Structures are given as structure tokens and as C-alpha cells.
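Heads up: the structure comes next, in C-alpha cells.
Taken together, the values in this text are just the output of simple stated rules run on the coordinates, not laboratory data. Everything numeric in this text was worked out from a predicted model, so none of it was measured. Here the Cβ is made from the backbone with ideal geometry for all residues, glycine too, and neighbour counts use every protein chain on show.
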Amino acid sequence: MARSMIAILDLGSTENAAIAREIRALGMYSEIFAHDIEPEALKNLPGVCGVIVNGGENNVVDGEKIDVNPGIYSIGLPVLTACHQGAHANDYDVWPENREKALDAFIEKTASPRDWTIENFIEEEVALLRKQIGNKKVLLALSGGVDSSVVAAMLIKAVGDQLTCVHVNHGLLRKGEPEQVVNVFGKELGANLVYVDAVDRFLDKLAGVADPEQKRKIIGAEFIRVFEEEARKLEGIAFLGQGTIYPDIIESGTKTAKMVKSHHNVGGLPEDLQFELVEPLKMLFKDEVRACGEALGLPHDMVYRQPFPGPGLGVRCLGAITRDRLEAVRESDAILREEFAKNGLQGKVWQYFTAIPDLKSVGVRNHARADEWAVIIRAVNTVDAMTATVEELDWNLIHTLTKRITNEVKGVNRVLIDVTPKPTGTIEWE
Ligand code: XMP
């Protein structure tokens, strides 16, 4: 039997994703659908036991007034209509102040089992993956980030040996990351892992390039090229694993969440290398992805790690990347992470890292004048990365960091702290 589901009809409210998450947190699965879904189609959705119409009666998207098909009110499913505006005409209840309570009551009203758990999800998804993939082979670009790691763990559980993971070390990863990928996936989970040392290739391509957008483009394009070369060496691959998650799908669709899946293939792979996609996490929110990873046995620090930009340390080694500054940013970042963990800040501060400007200043080392690099510390908190506030660090911690970084990181004689919120700063420096 299909798991129970509450369908949210999308009238353009930015709250839909949050509502879906809250319903799932209450133990029932929920998904967002286009506002104009036909009543028959809605009724036939597997497991559907309730409908939420979230929005006012004057919903306007792109200058056009939209509403649900009125037929949905007479298909025999309980419907919760809700709006934010307050006083409203007849058909609309006012969205109660305590949304969680209202959702909980609505779930009760559906009289359906609360059967959404990560364990159930994994079991069902593994069965689906086995059916979809059959005895064919799957390829996955495994960066070691949360999403690709959890996709790998799911696919290993579902099809084991039929999966090949390719880990491209582009030299811009944090200290210890390539080693962790090799240990966790290659050794502990016994996956087929192709480890590609592409450090020189990337750094050669990036030599002398100072413009951040240009750097991002080069890193992205080179990544596709390396991945493509590895893919060509393998025979009989039919599928490509993708770390698409539900917010990617919601964000790229406006009126409907269902239309947009095709946007999520890896751009840039040549025509003759187009694989069919497997996206086992495409219905999960980030917190569910993490829970899934832990349930599949991945290390806690791998699935709960802070966000890290795709171009990696490449955008934290400011201006044209040089090997000495790249090593300095990697070493100082490792010290920062170590000290944050020691001080109970890991998992508490949203994102923290070091950046190295292309700037030397005069200093003193071993009683002699020495021109060396400066390191910037940045630690911020945010909900959605659109705005951010600065974490106020304890001075003892700052002293420890300064001492360790200037002593242990080669070529660095100064430590600076970035106290700028976003705006006016962005989180990253490039
Ligand atoms: P900004 O610097 O724009 O960063 O305030 C917001 C969040 O996005 C991350 N970020 C990136 N992530 N590729 C990514 O995958 C990128 O090119 C990139 N640039 C910034 C940044 O780390 C922060 O979490």
C-alpha cells in the first residue's frame, strides 16, 4: 500500500515548502503539486488522503489570477484551505496562528496512518531503484558533499557492484576530504571507486586567472571534462546518479513542482554520453537527506558538514590561485574547523572558513623583517544564505586561532576578522 500523503496545491505561496516539511515532521508524507491539477488526477495520486490549498482567494502569478479547479472540493478528500491575509471571504479559513497545531489536527482529520519515516523511505526507494536499474550499470560523480555521498550510499545499498563512483580531486577540497571519500566509500562501504588525481590539471588551467567568475567557469568546465574522460573508460553505463533534492525541484518550478525534473541533468556532458538519470533524493528536504545518510551508516561529520561551495577553496584563494596560498587557505581552514569543534561551535555556527587575499604585509619572523600573507576569518549565521549575520567570536578563541595560524601555516603573518554582515558583504569573498 502506498504511504499516506497530503497534497499541497501550489498557488505560488513561498510557504509551501515549509508546510510540506512541517507535515513530514509530523510523520506524514507531503508533496507539492500544480494548482491546476485535474480533480481526477488528484484523486488518483498514490496514498493521497488530504489536500491543502494554501493562499488567498486573489492569487496572482505573473499578473494572472489563478485558482484551483473547483472540482477538487468534491472528490471526497478533506481539504484545508488557508491564507495569510487574515479576514477573508467565506470559503477560506484564516490560517491559524499555530500552524503546526492546525496541520496536526488536519492530519488527524484524514484518519490515515502517519507512516513517513526515513527507514520506510529507504526501503521503498531501494526497491524502486532496483526496479529502475535492473542489472544495468550506474555512474556517479562523488564529490564527498552531503548530497552526492547520500546518493552513493543509497545506490550501494540498492545495486552494490553495479555502481561506479568517480571522485575527482581538483585540488580545491578541504584538508582530509579526498582521504575521507576513499576511506568511507572505497574501503568501509566497498564501493567501486575511481579516484582521479586531477590537481595539476586544474591548477594549470587556473594559473594566472584572477576573475572569480572566470575561475568558477574553468573549474566547472574542467570538472565535466575529467568526468567525461573517466566515463568513456567505463563500459556499459546506462544511468547517471544525481544528487537532486526536493528544494532544487521546488525552486526551479513556479506554478508546478512536477514539470521541472528535466532541468536537473548534468549540463555539459556530450550528446553521446547522455545517460538516464537516477535521482533517489529528489523528494527529500536537506534535513531528511542527512537523516537518510546517517541511517545508511555514513559518518555524522560527513552528512552534517557545513555548506561548501562547488568551486571549493578556489574561491577562497582570492585572485589568481597560487599553490602556496592554496595550501595556506587549506591549512588555516583545518585549524579553524578544529578549534571551532573544540569550542562547541561545530553545528552551531552555520558557515565558517578562512580566505586569503592576494596581499602581503610586512611582519617580523625570527627577528627579521618578513613579507607574508594575511588570513581572513569569516564565521556567519543565516537561514537561507540570502542574508547573514556575523558570529561574535570569543576573544580567547580569536587569540588561539591567531597564534596557531601564524605559527603553523607557512607564509602567514597576520590574521584578520571579517565582521561584515550580508549585505553589504556576501558570505564568500569572491
Ligand atoms: P554568497 O557568497 O553568495 O554565498 O553570499 C551564499 C552561499 O552559497 C555558497 N556559494 C557557492 N556554492 N557554488 C556553490 O555551490 C558557488 O559558486 C558558490 N558561491 C558561493 C556560499 O558558500 C554560501 O554558503
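Counting only lysines at least 8 places from K348 when in the same chain, those with an alpha carbon closer than 26 Å to its own are K175, K286, K403, K422. Rounded to the nearest 10 degrees, the angle from helix 323-342 to the longest Cα principal axis of the chain is 60 degrees.
Using a Gaussian network model of the chain in which every pair of alpha carbons under 10 angstrom is joined by a spring, one finds that among S361, S149, S112 the greatest mean-square fluctuation is at S361. Remark: spin-label model distance K410-T389 equals 4.1 nm, labels positioned 7 Å along the Cα→Cβ axis. Bridging of K282 to lysines at a Cα separation below 16 Å is possible for K258, K261, once same-chain residues fewer than 8 apart are set aside.
Computed about its Cα centre, the charge dipole of the stretch 322-418 is approximately 320 debye, with only Lys, Arg, Asp and Glu carrying charge at their Cβ. Between Q214 and N183, the modelled label-to-label distance comes to 3.9 nm, taking each label 7 Å out from Cα in the direction of the beta carbon. Taking the charge dipole of the chain about its Cα centre, with +1 at Lys and Arg Cβ atoms and -1 at Asp and Glu Cβ atoms, the residue from T110, M28, L359 reaching farthest to the positive side is L359. Note on N98 and K422: their simple-model spin labels are 3.5 nm apart, each label 7 Å out from Cα toward Cβ. Computed about its Cα centre, the charge dipole of the chain is approximately 1200 debye, with only Lys, Arg, Asp and Glu carrying charge at their Cβ. Pairs of lysine residues in the stretch 91-167 that meet both criteria, 8 or more places apart or on different chains and Cα atoms under 17 Å apart, total 4. If R0 is 60 Å, the Cβ-Cβ spacing of N135 and A320 corresponds to a FRET efficiency of close to 0.80.
For the options H367, H170, H399, a Gaussian network treatment of the chain with springs between C-alpha atoms closer than 10 Å singles out H367 as fluctuating the most.
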